[in-house]
Amino acid sequence: MPAAEHSDLGCYPTPVERLLTRGKFELWVKRDDLTHGAYGGNKVRKLEGILAELCARGVRRLVTVGAAGSHHVLATAYFGRRVGLEVEAVLVPQPRTVHAVDVLRASVGLGVRAFPVRSWSAVPWAVAMRVARGAVYVPLGGSSVTGAMGYAKAARELVLQVGSGAIPEPSVCVVALGSGGTAAGLAAGLAGSSLATRVLGVCVSHPASALRLRARRISSGCASRLSAGADRRAVGQRLTFTASFVGPGYGRESPVTRLAQEAGERYGLALDPTYTAKAFAASLAELDGRSTTSSVVLYWHTLSSAPLAPLLRHAPSESDLSTSLRDLLI
């Protein structure tokens, strides 16, 4: 594997590792949990382009959107502060878990100015108010075309790893599908490559139709930006979806995801039970396919594995959060 290259935010290439072999199938993992030592995950690649663009425009303050325990909001707070940007966030309710509480506390501790709302329907008005006061909007999950282009670049990273023999060519790349940018960028990057790998976006919330539409729209935008021959039709053929692992809905676990989380622990992967565990469950299900030829399944791990403790060092306790923030955790 080539020596790690440092960008403005992350450290690449992230490793690829074989987890298990089942008959003719192999399960591999792409360790994007290791994109940064303090806070990794897929948001790092997205924020590189987004923050660079904002800084080039002379922006001083941004506003973004997420659930109360949003990893995107936390990552934006951490990296936004590093480049000198003030970060505001419109936050919506989500089911209460210890992890969600800690992520919210860490975001507040990093200086996020939070604007709680009671439902997603209230988000556009709240964002419009912040934009009217001078903030620049960064979409949910960092999933703009600019953000997703970080994953078009990541697809090229995978092509090089296949070419170097670090991993066999995957037949499918499985990734959690929330705001859609990761899957969209990967599909666009792979469509212009020498690999035949398809991308399977594992929907983590309802309605799945909205997630699919957003991902396809972003992937189309990425295809328009690429100059390596990735046309919209080719990108669309690379991008597939499943809603079979959503379970009770966003932020909620199920028996299937709990089993996937336990399996991930056996292979050294820290999965959250309501998001990445859904994608890992889908990856395991791919191993039970009925293909008559050998198949390589690549699970793209998008949750930061960096410990939250350092980011909680100066964070408020849960009881010190405002009532309006605590009420978001339902």
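Scan segment 214-225 and tell me whether some residue there is under 11 Å from GLY178 (Cα atoms), assigned to a helix (DSSP H, G or I) and at pLDDT 90 or above.
Yes: segment 214-225 contains one or more residues that are under 11 Å from GLY178 (Cα atoms), assigned to a helix (DSSP H, G or I) and at pLDDT 90 or above.
All told, LEU269 meets the bar of being under 23 Å from GLN161 (Cα atoms), at pLDDT 95 or above and surrounded by 15 or more Cβ atoms within 10 Å (Cβ to Cβ). Note on segment 107-151: residues that are farther than 21 Å from HIS71 by Cα and outside the structural domain of ILE50 (by TED's automatic domain parsing) amount to 0.
Taking the listed residues SER143, SER179, the one that is under 16 Å from ALA223 (Cβ atoms) and in contact with a Ser or Thr (Cβ under 6 Å, 6 or more places away or on another chain) is SER143, with no other qualifying.
The number of residues in segment 77-108 that are hydroxyl-bearing (Ser, Thr, Tyr) and part of a helix (DSSP H, G or I) comes to 2. Got a sec? Which of VAL98, VAL63 is modelled with pLDDT under 95, among the hydrophobic types (A, V, I, L, M, F, W, C) and farther than 19 Å from ALA279 by Cα? Only one candidate qualifies: VAL98.
Results for (1) basic (Lys, Arg); (2) part of a strand (DSSP E or B); (3) closer than 18 Å to SER179 by Cα; (4) assigned by TED's automatic domain parsing to the domain that holds ALA260, shown as yes or no for each residue.
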{"position": "LEU9", "(1), (2), (3), (4)": "no, no, no, yes"}
{"position": "LEU19", "(1), (2), (3), (4)": "no, yes, no, yes"}
{"position": "GLY37", "(1), (2), (3), (4)": "no, no, no, yes"}
{"position": "GLU48", "(1), (2), (3), (4)": "no, no, yes, no"}
{"position": "ALA52", "(1), (2), (3), (4)": "no, no, no, no"}
{"position": "CYS55", "(1), (2), (3), (4)": "no, no, no, no"}
{"position": "ALA75", "(1), (2), (3), (4)": "no, no, yes, no"}
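Here THR240 meets the list (1) part of a loop (DSSP other than H, G, I, E, B); (2) surrounded by fewer than 19 Cβ atoms within 10 Å (Cβ to Cβ); (3) on the phi < 0 side of the Ramachandran plot almost entirely, failing just condition (1). Within segment 179-198, does at least one residue satisfy the condition of being within 22 Å of GLN94 (Cβ to Cβ), of a type outside the set (S, T, N, Q) and assigned to a helix (DSSP H, G or I)? Looking through segment 179-198, at least one residue is within 22 Å of GLN94 (Cβ to Cβ), of a type outside the set (S, T, N, Q) and assigned to a helix (DSSP H, G or I).
Rundown of residues vs (1) in a loop (DSSP other than H, G, I, E, B); (2) touching a Cys at 6+ places or on another chain (Cβ under 9 Å); (3) in contact (Cβ under 8 Å) with a residue 24 or more places away in the chain; (4) of a type in the set (Lys, Arg), yes/no style:
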residue: SER205; (1), (2), (3), (4): yes, no, yes, no
residue: ALA263; (1), (2), (3), (4): no, no, no, no
residue: ALA270; (1), (2), (3), (4): yes, no, yes, no
residue: ALA277; (1), (2), (3), (4): no, no, yes, no
residue: ALA282; (1), (2), (3), (4): no, no, yes, no
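Checking the structure you have, find out if any residue of segment 110-118 is over 30 Å from GLY58 (Cα atoms) and either of a type in the set (S, T, N, Q) or surrounded by fewer than 21 Cβ atoms within 10 Å (Cβ to Cβ) (or both). Checked segment 110-118: at least one residue is over 30 Å from GLY58 (Cα atoms) and either of a type in the set (S, T, N, Q) or surrounded by fewer than 21 Cβ atoms within 10 Å (Cβ to Cβ) (or both).
Residues that are crowded, with 19+ Cβ neighbours inside 10 Å, touching a strand residue (DSSP E or B) at 6+ places or on another chain (Cβ under 7 Å) and not basic (Lys, Arg) are absent from segment 141-151 altogether. In the condition set (1) modelled with pLDDT of 95 or more; (2) surrounded by fewer than 17 Cβ atoms within 10 Å (Cβ to Cβ), ARG252 is compliant with all but (1).
Looking only at segment 60-73, filter to residues that are assigned to a strand (DSSP E or B) and not basic (Lys, Arg); which one of those is surrounded by the fewest Cβ atoms within 10 Å (Cβ to Cβ)? Applying the filter and picking the extreme gives LEU62. Selection of segment 84-109 for residues being under 25 Å from LEU54 (Cα atoms) and either within 20 Å of the chain's Cα centre (by Cα) or among the charged types (D, E, K, R) (or both) yields GLU86, VAL87, GLU88, ALA89, VAL90, LEU91, VAL92, VAL103, LEU104, ALA106, SER107. For ALA89, the conditions (1) more than 22 Å from GLY10 (Cβ to Cβ); (2) touching a Phe, Trp or Tyr at 6+ places or on another chain (Cβ under 8 Å) are fulfilled apart from (1).
The values are calculated or read from the model by the stated rules, or taken from the named source; none is laboratory data. Computed from a predicted structure; not experimentally measured. Using ideal geometry, Cβ is built from the backbone for each residue, glycine included, and neighbour counts are taken over all protein chains shown.
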